[in-house]
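Below: the structure, in structure tokens.
The values are calculated or read from the model by the stated rules, or taken from the named source; none is laboratory data. Computed from a predicted structure; not experimentally measured. When we count neighbours, we look across all protein chains shown, and the Cβ atoms used for this are built from the backbone with ideal geometry, even at glycine.
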Amino acid sequence: MVTAQESPRAQVLVASNRGPVSYTLKDDGSLESKRGGGGLVSGLSAIGSDVDSVWVCAALSGGDREAVRQGVGEQGVRMLDIDPEVFADAYNGIANSVLWFVQHMLYQIPLEPVFDAEFRRQWASYEAYNRAFAEALAAEAADGARVLVQDYHLALVPGMLRELRPDLRIGHFSHTPWAPVDYFRMLPDDIAEQLLRGMLGADRLGFLTRRWASAFLDSVAGVLPAEDGEVAGHEGDASGGGPEGRRFFRHGAAGGQGRTTEIAVHSLGADGDFLRKRSHEADVEERMAALREQIGAGRKTIVRVDRTELSKNIVRGLLAYRHLLDTRPEWRERVVHVAFAYPSRQDLAVYRDYTAEVARVAEDINSRYGTPGWTPVVLHVQDDFARSLAAYRLADVALVNPVRDGMNLVAKEVPVVSDAGCVLVLSREAGAWAELRDDALVVNPYDVTGTAAALHAALSLPEGERAERTKRLAAAGTALPPRRWFLDQLEALGG
Ligand code: F6P
């Protein structure tokens, strides 16, 4: 164990379900490693070499488990080989099928959710999986280390870790939205309380927008009994302090009298420098040429890039495009909808069904309107980052219409790399709306005809205005790059 005295600044630990590296077992028995990207990777790279860091994550695949067993790994990464059944219950059963559904409000309410004995069994696995993380962090952490726990997968970790190591500074960050209290308390009362208490074990809780932070505080006020403590410094409350109105939970006897948990907002922006450079590399240029060919000369392009995720609203986006072609025949043959929908969570039947529905609606549009020289929807499902960047550069319109989204970085990335300016059609239910709404065309994601009207307006926007809006969107979207997001949280945590 490294002690605080040996390390000039307090050690930093990150905990997340998905780690920065993954392994594939090849036919010859060797292991191939692949590094991922994202805000945490770039944030952690910014802390400086004088700071010791450890990233605790779960082994997700057979390859990852094999790497753990063989002792293969990267310096500073500790992968946990949690029992595969426990992991599946915790990740697919609870995190993806319950917590994700609650925070994104995805249930078809007349029939679900059903919190039965099977749910209770899976919940016990979720507890065990959280405990494995808490124990690993407690074992790795130096005195007074700073720990940044990520997301709904690990909501119980702060409370468990505080019990094991009260000396640590613990932060938790939610990358998702937070549900309104009436939706959140569909969870069984004891489970809702356990989740909130688990998170409140942290010294700081971070959210992407003020809206999600406020919804969390509403859940705290609506679910936890008074003995647990009270919410202090509400928005607009003079006791809030500071221009942003810092908010706190003051713990009562149950959570450690006198202790406070700060509820903070840290928006996350696009990594402008990286994107501008990466989007001009040769593989992106190649893919631009291939896409131009598929689109056809002189046509406008509506682009969307998503994981095939239930909350992304890809089907209604296609229906809006179909309505545009129906009601505005002048756009037929003159526009192509380039939709990249990359597979996600295919272990879950509801995701597989949704993926199939996206393909079915795309095919329906193509067979209804397509002509020998024009394919109205170009759908790609094979994940290809270089091709995504190529589409960003070519887009005349970017469609980002989630029913609910913590932030949505695509909305911030497209304007940064767009070659000729791009109009952003943006859902008011995406976290990014708070920062981009002035220069986007804003839609209600459920309103298909409204979205079609916005697509028409976007395609018709004069070039000058489009360029001006794109400039402002790029500036707003890169104002808080991942490094700043990460370092601000660390600094606020102290140590
Ligand atoms: O939106 C929150 C988030 O944790 C993202 O960071 C990530 O893209 C996703 O949810 C998790 O996806 P997966 O289940 O594929 O790890």
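Numbers for the structure displayed
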{"quantity": "Matching helices (runs of 4 or more DSSP H) fully within region 40-127 where at least 2 residues are small (G, A, S)", "calculated": "62-70"}
{"quantity": "Residues within region 413-429 that are surrounded by fewer than 24 Cβ atoms within 10 Å (Cβ to Cβ) and closer than 11 Å to V442 by Cα, tallied", "calculated": "2"}
{"quantity": "Verdict on A386 being closer than 19 Å to A440 by Cβ, modelled with pLDDT of 95 or more and assigned by TED's automatic domain parsing to the domain that holds R316", "calculated": "no"}
{"quantity": "Given (1) under 21 Å from V284 (Cα atoms); (2) within 16 Å of the ligand (Cβ to nearest atom); (3) in a loop (DSSP other than H, G, I, E, B); (4) not aromatic (F, W, Y), index of the condition Q382 fails", "calculated": "(2)"}
{"quantity": "In region 29-41, the residues that are within 16 Å of the ligand (Cβ to nearest atom) and either in contact with an Asp or Glu (Cβ under 6 Å, 6 or more places away or on another chain) or of a type in the set (A, V, I, L, M) (or both)", "calculated": "L40, V41"}
{"quantity": "Selection count, region 7-22, where residues are within 16 Å of the ligand (Cβ to nearest atom) and either of a type in the set (A, V, I, L, M) or not in a loop (DSSP other than H, G, I, E, B) (or both)", "calculated": "4"}
{"quantity": "Filter pass, F101 being within 30 Å of P445 (Cβ to Cβ) and more than 16 Å from the ligand (Cβ to nearest atom)", "calculated": "no"}
{"quantity": "In region 148-172, residue nearest to the ligand (Cβ to nearest atom) [restricted to those that are surrounded by fewer than 24 Cβ atoms within 10 Å (Cβ to Cβ) and under 21 Å from L409 (Cα atoms)]", "calculated": "D151"}
{"quantity": "So D419, is it under 26 Å from S311 (Cβ atoms) and of a type in the set (D, E)", "calculated": "no"}
{"quantity": "Lone qualifier among M79, M160, M105 - being at positive phi and touching a residue at least 40 places away in the same chain (Cβ under 8 Å)", "calculated": "M105"}
{"quantity": "Qualifying residues in region 66-86 (those that are of a type in the set (D, E, K, R) and surrounded by 11 or more Cβ atoms within 10 Å (Cβ to Cβ)) - the one modelled with the lowest pLDDT", "calculated": "E74"}
{"quantity": "Every pair of residues 6+ apart whose Cβ atoms lie under 8 Å, when the first sits in region 220-237 and is assigned by TED's automatic domain parsing to the domain that holds L195 while the second is of a type in the set (S, T, Y) and at pLDDT 95 or above", "calculated": "A232/T260; E235/S214"}
{"quantity": "Hey, A128 touching a helix residue (DSSP H, G or I) at 6+ places or on another chain (Cβ under 6 Å) and under 26 Å from R246 (Cβ atoms) or not", "calculated": "no"}
{"quantity": "Number of positions in region 462-495 that are in a loop (DSSP other than H, G, I, E, B), aliphatic (A, V, I, L, M) and surrounded by fewer than 16 Cβ atoms within 10 Å (Cβ to Cβ)", "calculated": "1"}
{"quantity": "Strands (runs of 3 or more DSSP E) enclosed by region 253-359 - at least 2 residues per element that are farther than 19 Å from V425 by Cβ and either more than 16 Å from the ligand (Cβ to nearest atom) or more than 28 Å from the chain's Cα centre (by Cα) (or both)", "calculated": "260-265"}
{"quantity": "Enumeration of residues in region 13-29 that are in contact (Cβ under 8 Å) with a residue 24 or more places away in the chain and among the small types (G, A, S)", "calculated": "A15, S16, G19, S22"}
{"quantity": "Residue in region 142-170 that is nearest to the chain's Cα centre (by Cα), counting only those that are over 29 Å from V98 (Cβ atoms) and among the aliphatic types (A, V, I, L, M)", "calculated": "A145"}
{"quantity": "Residue satisfying all of: in region 36-58; under 18 Å from the mean Cα position of the chain (by Cα) and surrounded by fewer than 19 Cβ atoms within 10 Å (Cβ to Cβ); farthest from S267 (Cα to Cα) among these", "calculated": "G36"}
